[in-house]
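No lab work stands behind these numbers, since they all come straight from the coordinates. None of these values were measured; they are calculated from a predicted model. Positions of Cβ are backbone-derived with ideal geometry, glycine not excepted, and every protein chain shown enters the neighbour counts.
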Amino acid sequence: MSIKVANVSKKFGDFSALRDVSVEIPSGSLTALLGPSGGGKTTLLRVIAGLETPDEGRIEIDGVEATSLPPQRRGVGFVFQHYAAFKHMTVERNIAFGLSIRKRAKDEIKARVQELLELVHLEQFAQRYPAQLSGGQRQRMALARALAVEPKVLLLDEPFGALDAQVRKELRAWLRRLHDQVNVTTVFVTHDQEEAMEVADEIVVVADGEVKQVGSPDELYEKPASDFVMSFLGPVTTLDGKLVRPHDLELLSTAEPGAREAVVDRVTRLGFEVRVDLSTDEGAAWAQVTRATAEHLDLQPGTRIWVLPHHSRTAVPVQG
Amino acid sequence: MTNNAVTDVRAGASRWTLRVVVLGYLAFLLVLPVAVILYRTFQHGLAPVVDALTSANAIHAYQVTAVVAGSAVAINTVFGVTAALLVVRHRFPGRRVLDALIDLPIAVSPVVVGLALTLVYGRTTSTGSWLAREGIQIIFSIPGMILATSFVALPLVMRAVVPVLEEIGEEQEQAAATLGANAVQRFTRITLPSIRGALAYGVVLSLARALGEFGAVAVVSGRVVGKTETASLYVLDLYNNFDQTGAYAMATSLAAVAVLSLIVSRFLRPKGSAA
């Protein structure tokens, strides 16, 4: 059940939401569309679902040309950021909606709904209305509703965006397990790189209406294609005119070949790790070291040290 | 302390003045006339009232009212929901003009509406004579009365539905679409149940307005007793013919229906709406 997006462009008035976007999402994968707000990732997801019509380009779902199909004939499940729960229906009837539209037999619907209620842990809440559920419960109901019709692909728009941090963490892990259990091709939109790295098999970085890079979380982190991708996927600092990860900077008490001299400006302890702000003769940088290292080097504001970037690690020339 | 006490007394006094003014105003404008009508209606007991309400002309007037008000409400319900969907969900040139035009019937005097309809559909006009040749009579007959009543009650359903449509947004319908629902299924299963309360409120308001309409209907109906006379028109007719008991009885029955509709609308009123 793969998805193929070919040369899709979409404009809203003068604003180009998508520019000639092509991407293929392999069958059975769990893919994140990651990028900053307003970068086009939600538009891309909605174009795949048929909720937006592209100005140019084609969409193929499971090898079938879907560009001109209305959403109800694409076989996609869509989960909205704000759940889009049917407020006038109970949880049970929300989940049964797609099946009753398809005129399935009553007992078949009942059995399937029961199965899904168990899958999303809402057995106790079948007769409640959405207004009587918490945000996380509503989101799980929306997911069960989308899964009920056995969609070819499952699309989730910022599925955890409206939830508080704790629930969000739980649901992330749960989505990962659910995907392994149900194994439907899943695409979710997020602006949170940590969420994408933790949950997805594959990440598509979307910004300015373009696909910036596609790859596994490791590939993207270790081999970012541009300084944009590198800085979007994790913390960065600049040293010797290159972007480097602050945890790839080694701090030394004596000069070594390749090391650059620096003065400590500030030491901030953040639990296990320590953030060290530095001044070099070409500008400010910062390094992330362990508590033990910080103590061993006796880092204080004003301490003179040497910074050695791990050149085996990621470094991308700063552009512009 | 003393200052506070003085302020309290003053606030109390002004509050009382306000209450007396408002209640007095309502008493003279609303309560007194209605009470007098009620008193006059039942002054000579129940029998004359029953006689007046069951006379052939009275029953016919009720029937005309039911047909005219019922049709106008049905038309306005369909039109109101369609117009509301159009204004809320679609962006097209002239949308704001449509939005403003729909409120016109509130500002225009019903008599003017009646005259305007007569000018367009009267027998002496080109539209009217063409329709007459096709065997359709608008003015001085039921269709014209339905048109006039629809016109005066035009914005009520739409104005009740628009805020709810705006509030529920499009996501539920889009979700229904991805679950396989076509446009008709989305409307009947998602949109309609979501606006049900507001729609019922608008319908009841329209009904109340349609039942009480006088001016526009008076002009277009020609007020032919036993043919094109609604209950409201019949009240004045009875009064002019010195049948005061009959007039009061009809007036009371109409007022009762109006009060009943308002009570029903009170229960149906969407929560949090100031309308």
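Just to verify a number: FRET efficiency for B:VAL225 and B:ILE59, C-beta to C-beta distance, R0 = 22 Å, to 0.05? Let's see the in-between values first.
Working: r = 13 Å, r/R0 = 0.58.
For B:VAL225 and B:ILE59, the calculated efficiency is 0.95.
Subtracting the Cα-Cα distance from 0.36 nm times the residue separation, let me have the gained length for A:LYS106 to A:GLN127 in nm, one decimal.
On the way: separation 21, 0.36 × 21 = 7.56 nm, distance 1.68 nm.
Stretched fully, the A:LYS106-A:GLN127 segment lengthens by 5.9 nm.
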Taking amide hydrogens as modeled 1.01 Å from N in the peptide plane, which residues meet the under 5 Å criterion relative to A:LEU18, leaving out close sequence neighbours?
A:LYS10
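Please give the length that would be gained between B:ASP51 and B:GLU166 if that part of the chain were fully extended, namely 0.36 nm times their separation in residues minus their C-alpha to C-alpha distance (nm, one decimal).
Numbers: separation 115, 0.36 × 115 = 41.40 nm, distance 5.00 nm.
Roughly 36.4 nm would be gained on extension.
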Taking H as built 1.01 Å from N, whose amide H comes closer than 5 Å to the amide H of B:THR228, not counting residues under 5 places away?
none
Among the lysines, which have Cα under 26 Å from the Cα of A:LYS242 when same-chain residues fewer than 8 positions away are ignored?
A:LYS212, A:LYS223
Label point distance in nm, B:LEU26-B:THR125, each placed 7 Å from Cα along Cα→Cβ:
4.2 nm
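Could you compute the net charge surrounding B:TYR234? Neighbours are other residues with a C-beta less than 14 Å from the C-beta of B:TYR234; K and R count +1, D and E count -1.
Values: positive: B:ARG223, B:LYS227; negative: B:GLU213, B:GLU229, B:ASP237, B:ASP243.
Residues close to B:TYR234 contribute a combined charge of -2.
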Computed label-point distance, nm, for sites B:ILE142 and A:SER37 using a 7 Å Cα→Cβ extension
5.9 nm
Cα centroid separation - the stretch A:133-209 against the stretch A:46-81, whole Å:
19 Å
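What's the local net charge at A:HIS191, with K and R +1, D and E -1, over the other residues with C-beta under 15 Å away?
Details: positive: A:LYS41, A:ARG168, A:ARG172, A:LYS212; negative: A:ASP157, A:GLU158, A:ASP192, A:GLU194, A:GLU195, A:GLU198, A:ASP208.
Net charge around A:HIS191: -3.
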Based on the Cβ-Cβ distance from A:GLU256 to A:SER2, what FRET efficiency comes out when R0 is 60 Å, to the nearest 0.05?
0.75
Between the stretch B:46-99 and the stretch A:237-252, how many Å separate their Cα centres?
76 Å
What ranking do B:MET250, A:MET89 get, fewest neighbouring Cβ atoms within 10 angstrom at the top?
A:MET89, B:MET250
Ranked on Cβ counts within 10 Å of their own Cβ, fewest leading, B:SER129, B:SER141 go B:SER129, B:SER141
Taking A:ARG140, A:ARG291, B:ARG189, B:ARG40 and counting other C-beta atoms within 10 Å, the order from fewest to most:
A:ARG291, B:ARG40, B:ARG189, A:ARG140
Mean Kyte-Doolittle of at least -1.0 plus a Cα span of 20 Å or more along the axis: flag which DSSP H helices in chain B meet both, please.
B:2-26, B:56-89, B:154-168, B:192-212, B:244-268
According to the square roots a ≥ b ≥ c of the eigenvalues of the Cα gyration tensor, what is the shape class of the stretch B:7-151, taking rounded for a/c under 1.5, prolate for a/b larger than b/c otherwise, and oblate for the remainder?
oblate
Modelled FRET efficiency - R0 41 Å, A:HIS247 with A:ARG177, Cβ distances, 0.05 increments:
0.90
Computed helical MRE - 222 nm, chain A, DSSP H runs ≥ 4 contributing -39500 (n - 2.57), nearest 500:
-8500 deg cm²/dmol
Listed by chain and number, the residues whose amide H is under 5 Å from that of A:LEU154, excluding neighbours fewer than 5 places away on the same chain and using placed H, are A:GLY77, A:THR185, A:THR186, A:VAL187
Environment charge at B:GLN172 (Cβ cut-off 12 Å; Lys +1, Arg +1, Asp -1, Glu -1)
0
Taking the Cα-to-Cβ direction at A:THR280 and at B:THR188 and moving 7 Å from each Cα, how far apart do the two end points lie in nm?
7.1 nm
Contour minus Cα-Cα span, B:HIS44 to B:ALA74, at 0.36 nm per residue, comes to 6.9 nm
For A:VAL64, put the label point 7 Å out on the Cα→Cβ axis and report which residues of the stretch A:129-161 keep their amide N under 12 Å from it.
A:151-153
